[in-house]
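First the structure, in the form of structure tokens, and then the observations on it.
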Amino acid sequence: MTPASEHLPLPPDFRTHVHEALKQWYADPGEGSTIGYLNLVASERNHGAVNIREAANRVLNKGLTALAMTNDAGANVLRLRFLDGQATFVVANRLNQSQPTVYRYQSQAIDQLAAVLAEMEAGVRGQRQTLQEARLEPASYLRLFGIDAQRDKLLDVLLDSAPPWIVSVDGMGGIGKTSLADATAREVIRRRHDGEVAWVSARQQRFDLGGAVWQVDQPALTSSALLEALTAQLLPGTPPFTTSDKAVSALRATFELRPTLVVVDNLETVTDVESLLPLLHRLSGPAKFLLTSRHSLFGEAGVFHMRVPELGEPDALSLVRLEAEQRNLPELVAASDAELRPIYRTVGGNPLALRLVVGQSHVHSLASVLADLQAARGTPVETLYTFIYRWAWDNLSEAPRRALLAMPLVTERGGSLDFVAQLSGLDPGALSDALAELVTLSLVDSRGSALDRRYTIHNLTRTFLLEQVIRWQ
Ligand SMILES: Nc1ncnc2c1ncn2[C@@H]1O[C@H](COP(=O)(O)OP(=O)(O)OP(=O)(O)O)[C@@H](O)[C@H]1O
Ligand SMILES: [Mg+2]
């Protein structure tokens, strides 16, 4: 696969495209523009240019203004020749130069204009990439193991402008669906500079600060909420649409202009998938939709299906070692494959379960963790999870328990220390210690930068808190 960070270069004949675009200044707008693929042009389209030609002309004009700062004479020649439509000999007379000199000025100025536009384009691409990445949730992983083949397969389907338009990634909780979708979406953003990526989580969270944790209201994603989320991301600043049909048409119009990938995460939380799927079918093509769900959509017409497999042993052990390094467990880091293999044999290749087990070895020796887990061995992984969580819970003291119980109220984007303090009623000092302990145990994820540290919990931890802990208290 191509290196992830590689910026796609402009076409080798970009200079010719710029020259042709200048010649097209007065041509029929129906011809489009030879520089129509630039993000700069798309951005002018979003800012009121009525067609690609007008957008391209605005871009050329801005390029000429920038060029005039370093080569005023050259920019002037280009304006006279192409924007004023004057023949070379007229320009030569006007500037008191020979025709060959004007040609030379022109040729140099086109080189420079192409360079100026390439630089402006690189700036816009960088901004677009940042903007699109901000729509994703902060990544929950440092490194993903063993997903290259899956990701490449998804990229093949998602970057191809042909059906299938809807792709579903499914598998049990914690197997890595969101992570795979995230890694794929990031790669699409990096590779495709004229496209759009939108991200919607079906598990919309509304919460009531006064309410108890298990009263959290979790309305499933409705058709209108999906349309609202998509228009907010892809058509910012547009006044709200009065009907769904209008929103669908407006979205489809942008999908025609720019290749778009929409990720809908956690589709299993939608109680009425049957009613959402027709909308996805209406919206998709040429836009691509990537869905993640714990429930398989296998057999659903027009949906390409992919199941996330468990990690194989080498990848599972690499994940254990990375996790041990992160959690500061030097003994585990140094352990041989033979010593680590029992973890894999007991837990299997489910990344979240592996992370949780490693976290637990902070409290118990690995041998006792594994001995206890033997009891759950051979049972469905769901049972294994309940087992791991129960055990983690029993070992927590009061403050971490209170902090953890507040966490389902935090959205997937994570909450700040102050926010969690407000939810849990713990003072920031005690909370900080409690969270540090929970992060060590992998029960809470800490994301973001040191300046903007955010805490969040995994889906399964949320389920466990909402469904199980209430019975254990
Ligand atoms: N291939 C992988 N390598 C390393 N870590 C992984 C991998 N896949 C997932 N993880 C980690 O395992 C955890 C679970 O992954 P993820 O949240 O993607 O699962 P999921 O299938 O979306 O779960 P759910 O159904 O509950 O939403 C995350 O913390 C993630 O960072
Ligand atoms: Mg998920």
Residue, farthest from L131 (Cα to Cα), within segment 34-51, restricted to residues that are in contact (Cβ under 8 Å) with a residue 24 or more places away in the chain and either touching an Asp or Glu at 6+ places or on another chain (Cβ under 7 Å) or of a type in the set (S, T, Y) (or both): Y37
Filtered residue count, segment 277-303, keeping only those that are charged (D, E, K, R) and either within 21 Å of G195 (Cα to Cα) or touching a Ser or Thr at 6+ places or on another chain (Cβ under 7 Å) (or both): 2
When residues of segment 272-297 are limited to those that are of a type outside the set (A, V, I, L, M) and under 26 Å from P138 (Cα atoms), the one nearest to ligand 2 (Cβ to nearest atom): T292
Looking only at segment 426-452, and only at residues there that are touching a Lys or Arg at 6+ places or on another chain (Cβ under 7 Å) and free of Cβ contacts under 8 Å to residues at least 40 places away in the same chain, the one that is farthest from V264 (Cα to Cα): L426
All positions within segment 65-82 that are touching a residue at least 40 places away in the same chain (Cβ under 8 Å), farther than 16 Å from W25 by Cα and in a helix (DSSP H, G or I): A66, L67, T70
Search result, residues across segment 437-473 that are more than 18 Å from P138 (Cβ to Cβ), surrounded by fewer than 14 Cβ atoms within 10 Å (Cβ to Cβ) and away from ligand 1 (no atom under 16 Å from the Cβ): I470, R471, W472, Q473
Q97, sole failed condition from (1) in contact with a helix residue (DSSP H, G or I) (Cβ under 9 Å, 6 or more places away or on another chain); (2) assigned to a helix (DSSP H, G or I): (2)
Residue within segment 121-128 that is within 22 Å of K23 (Cα to Cα) and surrounded by 15 or more Cβ atoms within 10 Å (Cβ to Cβ) present: yes
Residues located in segment 442-463, provided they are at pLDDT below 80 and at negative phi: S449, A450, L451, N459, L460, T463
Those residues of segment 155-188 which are at pLDDT 95 or above, β-branched (V, I, T) and either more than 13 Å from ligand 1 (Cβ to nearest atom) or assigned to a loop (DSSP other than H, G, I, E, B) (or both), in sequence order: V157, I166, V167, V188
Subset of segment 342-372 (residues that are within 33 Å of the chain's Cα centre (by Cα), outside any helix (DSSP H, G or I) and more than 16 Å from ligand 2 (Cβ to nearest atom)): G348, G349, S361, H362
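The values are calculated or read from the model by the stated rules, or taken from the named source; none is laboratory data. Worth saying up front: this structure is predicted, and the values here are computed from it rather than measured. Note that we place each Cβ from the backbone using ideal geometry, even for glycine, and neighbour counts take in every protein chain shown.
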